[in-house]
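Notes follow the structure.
The values are calculated or read from the model by the stated rules, or taken from the named source; none is laboratory data. Here the structure is a predicted model, which means the values were calculated and not measured. Heads up, the Cβs are rebuilt from the backbone with ideal geometry, glycines too, and the neighbour counts pull from every protein chain shown. Surface areas here come from the heavy atoms of the whole protein model, side chains and all, with no ligands, DNA or RNA. Shrake-Rupley method; radii C 1.70, N 1.55, O 1.52, S 1.80 Å.
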Amino acid sequence: MDAEPQTFEWAEEETGEGWKPKTPKPHFDAPGFWVRAGAFVIDYYLCVFLHYGIMTASDFLLREWGIFDFDSLDDYEFDITVIVCMYIILLLYFFIVQGLWGRTAGKVLINAKIVTTAGGRITFSRSLRRTAGYLASLFLFGVGFLVVAFNRNKTGLHDWIGGTQVVYRGYTSLWRKTAAIAAGWLGAAFMIYLVLGY
């Protein structure tokens, strides 16, 4: 079992008897914005492959059973169907995987996990709230994700809503962090290439 980070921060408060230390609050080593962005892109492309497999299987089965044929949709309807299905898969992926294991495939790469603000294991209730936070961040044009880069605890809107934070499970080598960042940049570049090519 991986040991929890053991570093602590001491906060002090002024009392009638002078300065007195408070109960120590755990301070966790948290991955930064670009490392987390890389982990997210890895999760995203995993969901792209899941989406492709599900859509292909659904198209085949629905057509075979005579229930529905995707070819009957015009281009706009087909695009909307694909986008909606992709968002559903993404949200279900994050909700289920986070609730079960407290970490996604991308976070496994960077040796990180999702915990409560006290350092405990997250529940499905927190996972649901955290997943809802992703939607809130999207509606705010990604600002909820960007705040990770500008606050001391490296938490985003989805972390605040879910009462969670992302922390390293222990020592994480530089190559793992670099690999996550590189994967994120390559994935983003490939997406831009597809969009421009399309």
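Structure data summary
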item: Tally, over the range 158-184, of residues that are part of a helix (DSSP H, G or I) and farther than 21 Å from residue 42 by Cβ; result: 2
item: Restricting the range 104-126 to residues that are touching a residue at least 40 places away in the same chain (Cβ under 8 Å) and part of a loop (DSSP other than H, G, I, E, B), the residue that is nearest to residue 168 (Cα to Cα); result: 111
item: Candidates 104, 15 - the one that is modelled with pLDDT under 90 and open to solvent by less than 80 Å² (accessible area, probe 1.4 Å); result: 15
item: Whichever residue in the range 110-149 is of a type in the set (Phe, Trp, Tyr) and out of contact with any Ser or Thr (no Cβ under 7 Å at 6 or more places or on another chain) and, among such residues, is surrounded by the most Cβ atoms within 10 Å (Cβ to Cβ); result: 134
item: Lone qualifier among 187, 156 - being in contact with a Phe, Trp or Tyr (Cβ under 9 Å, 6 or more places away or on another chain) and modelled with pLDDT of 85 or more; result: 156
item: Residues (surrounded by fewer than 13 Cβ atoms within 10 Å (Cβ to Cβ) and among the polar types (S, T, N, Q)) located in the range 150-160; result: 151
item: Residue within the range 99-108 that is under 29 Å from residue 177 (Cα atoms) and hydroxyl-bearing (Ser, Thr, Tyr) present; result: yes
item: Neighbours by Cβ (under 7 Å, 6+ apart or cross-chain): first from the range 168-196, closer than 26 Å to residue 29 by Cα; second of a type in the set (A, V, I, L, M) and modelled with pLDDT under 80; result: 170/3
item: Looking only at the range 161-198, and only at residues there that are among the aromatic types (Phe, Trp, Tyr) and over 17 Å from residue 103 (Cα atoms), the one that is surrounded by the most Cβ atoms within 10 Å (Cβ to Cβ); result: 185
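Every residue, every condition in (1) surrounded by fewer than 17 Cβ atoms within 10 Å (Cβ to Cβ); (2) over 13 Å from the mean Cα position of the chain (by Cα); (3) of a type outside the set (A, V, I, L, M, F, W, C); (4) in a helix (DSSP H, G or I), yes or no:
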{"site": "36", "(1), (2), (3), (4)": "no, no, yes, yes"}
{"site": "41", "(1), (2), (3), (4)": "no, no, no, yes"}
{"site": "47", "(1), (2), (3), (4)": "no, no, no, yes"}
{"site": "50", "(1), (2), (3), (4)": "yes, yes, no, yes"}
{"site": "54", "(1), (2), (3), (4)": "yes, yes, no, yes"}
{"site": "71", "(1), (2), (3), (4)": "yes, yes, yes, yes"}
{"site": "78", "(1), (2), (3), (4)": "yes, yes, no, yes"}
{"site": "86", "(1), (2), (3), (4)": "no, yes, no, yes"}
{"site": "93", "(1), (2), (3), (4)": "no, no, yes, yes"}
